[in-house]
Amino acid sequence: MPRFYCPQPLQPGQLLRLPETVHRHVQVLRLQPQDSLTLFNGEGGEYHATLTQMTNKWSEVLLGAHDPVERESPLQLKLVQGVSSGDRMDYTLQKAVELGVAEIQPVLTRRGIVKLPPERWAKKQAHWQGVVEAACEQCGRNQVPVVHEAQALSAWLAQQHQAGQRGLVLLPGSTQRLREQTAPTGQWLLAGPEGGLSEEEVALALQYGWQALTLGPRVLRTETAALAALAAISALWGDF
């Protein structure tokens, strides 16, 4: 059944004109009146709905019962991802959502190759949030992870240190393995960009109490590292 994110108040029995973005998806899927679909607004659960009317410019649905089902990972891991270029960042965010990540913080690092003027970062953040919303539609999640505004890694680490927050930093060459850890529930997981984290960035994270973590003797790409870690953690302590 098609699923769509609809960020507005929803209630059973409501006649609702779908947002323009959702209407376009309905058109692409060639849905017809009386077809069924599912809507969720990120506030918990999902709503069964029936398409009642459709024109070239708008679609209307009748909302049915609310289903309080949730499909969140019990680990509530949060991803700190060094901004990568092209489709790599989109891929990482999409798959991280499928693997259950609860929150995403893009960070600007010394070796990152994406350089944008300040006014373009807001547009980039909105794009990433859209990638996350689409991933939730696909994978069945009803809670939508927030993609925070991109920050310099050093400044963000300092903020988290002041707040008493720390986590795991993926570091090729480290001797600490996942199997030697305890379940990292609610923790941050830090992965670098294409060129990896600099020595200074790693040293700062370790100074603030983060733990270095290896994913084996092979160096993983930026779009692979965090996803491999999330999948392995889910297999060891999560719902895999």
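Bear in mind these aren't lab numbers, they're just calculated from the coordinates by the rules spelled out. Computed from a predicted model, the values in this text were never measured in an experiment. Backbone-built Cβ (ideal geometry, glycine too); neighbour counts: all protein chains shown.
Modelled spin labels at Glu199 and Arg221, positioned 7 Å past Cα toward Cβ, are 2.8 nm from each other. Ignoring aspartates and glutamates fewer than eight residues from Lys123 along the same chain, the ones with Cα atoms less than 17 angstrom from its Cα are Asp87, Asp90, Glu133, Glu149. Placing pseudo-labels 7 Å out from each Cα toward the beta carbon at Val69 and Arg17 gives an inter-label distance of 3.1 nm.
Semi-axis lengths, largest first, of the ellipsoid equivalent to the chain are 37, 19, 15 Å, with √(5λ) applied to each eigenvalue of the Cα gyration tensor. The residues neighbouring Arg221, those whose beta-carbon lies less than 14 Å from its own, together hold a net charge of +1 under the Lys/Arg +1, Asp/Glu -1 convention. Using the Karplus relation 6.51 cos²θ - 1.76 cosθ + 1.60 with θ = phi - 60°, the per-residue 3J(HN,Hα) values for the stretch 212-224 come to 6, 9, 9, 10, x, x, 9, 7, 8, 6, 4, 7, 9 Hz, with x marking Gly and Pro.
Extension gain for Thr182 to Phe240 (0.36 nm times residue separation, less C-alpha to C-alpha distance): 19.2 nm.
Enclosing the Cα atoms of the stretch 187-237 in their convex hull gives a volume equal to 87 cubic angstrom per residue.
Cross-link partners for Lys78 among the aspartates and glutamates, with Cα-Cα distance under 14 Å and sequence neighbours closer than 8 places in the same chain left out: Glu98, Glu103.
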